[in-house]
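Student: Questions regarding the structure given below will be posed in turn.
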């Protein structure tokens, strides 16, 4: 009877070992399955993070493009009047701080009587604006379309002589523009009047006075027949 009991014990141990081995195998299989799921989840998470980063970058680029577009004039591609005003104020403060000169050009297409409509046509404004942006490209130069047929240029660190020279270069280049007639007639030309003003920002002066001086110079250029540059008297601080 003893050997029967021992045999039963051995069989029980064997069966228990087999059961334990089966349990271990199932555990390893489950562990491997969970590891695969974890790897797949990690890859999915990495992919999601990559996609999220790409979407965020695209969104940031879209916002930057929108902000840049809002600062530009749609017709000419130059900066708009609001940005011109902001830049003029900031450059005035910078000139005040460092004792640097600041020049301003106001440019307007010429046109009286029958020529007035040509001077204000979108094609004319676009052509002059494009030339203005191509001509004044120094670091510190800023060009803008101020509305209708008027443009502005801020020339940081430029003295009166340099402003007059820049205005004359621009005037002469605009004079070379040729615009096609819609009815295939002769080419049309366009000219501009330029008012230049320069100041050394300081006590007793303001950027409004600089703007006023440039407007007076522009009015003088136009009253003298247009297609010319008029230079305002230098503005000095007290």
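Student: Could you tell me which of the residues 212, 185 is farther than 25 Å from residue 77 by Cβ, surrounded by fewer than 16 Cβ atoms within 10 Å (Cβ to Cβ) and at pLDDT below 95?
Tutor: Matching residue, one of 212, 185: 185.
Student: At pLDDT 90 or above, in the same structural domain as residue 224 (by TED's automatic domain parsing) and assigned to a strand (DSSP E or B) - does that describe any residue in segment 127-134?
Tutor: No, there is no match, as no residue in segment 127-134 is at pLDDT 90 or above, in the same structural domain as residue 224 (by TED's automatic domain parsing) and assigned to a strand (DSSP E or B).
The values are calculated or read from the model by the stated rules, or taken from the named source; none is laboratory data. Please read all numbers here as calculations on a predicted model, not as lab measurements. No Cβ is skipped: glycine too gets one built from the backbone with ideal geometry, and neighbour counts run over all protein chains shown.
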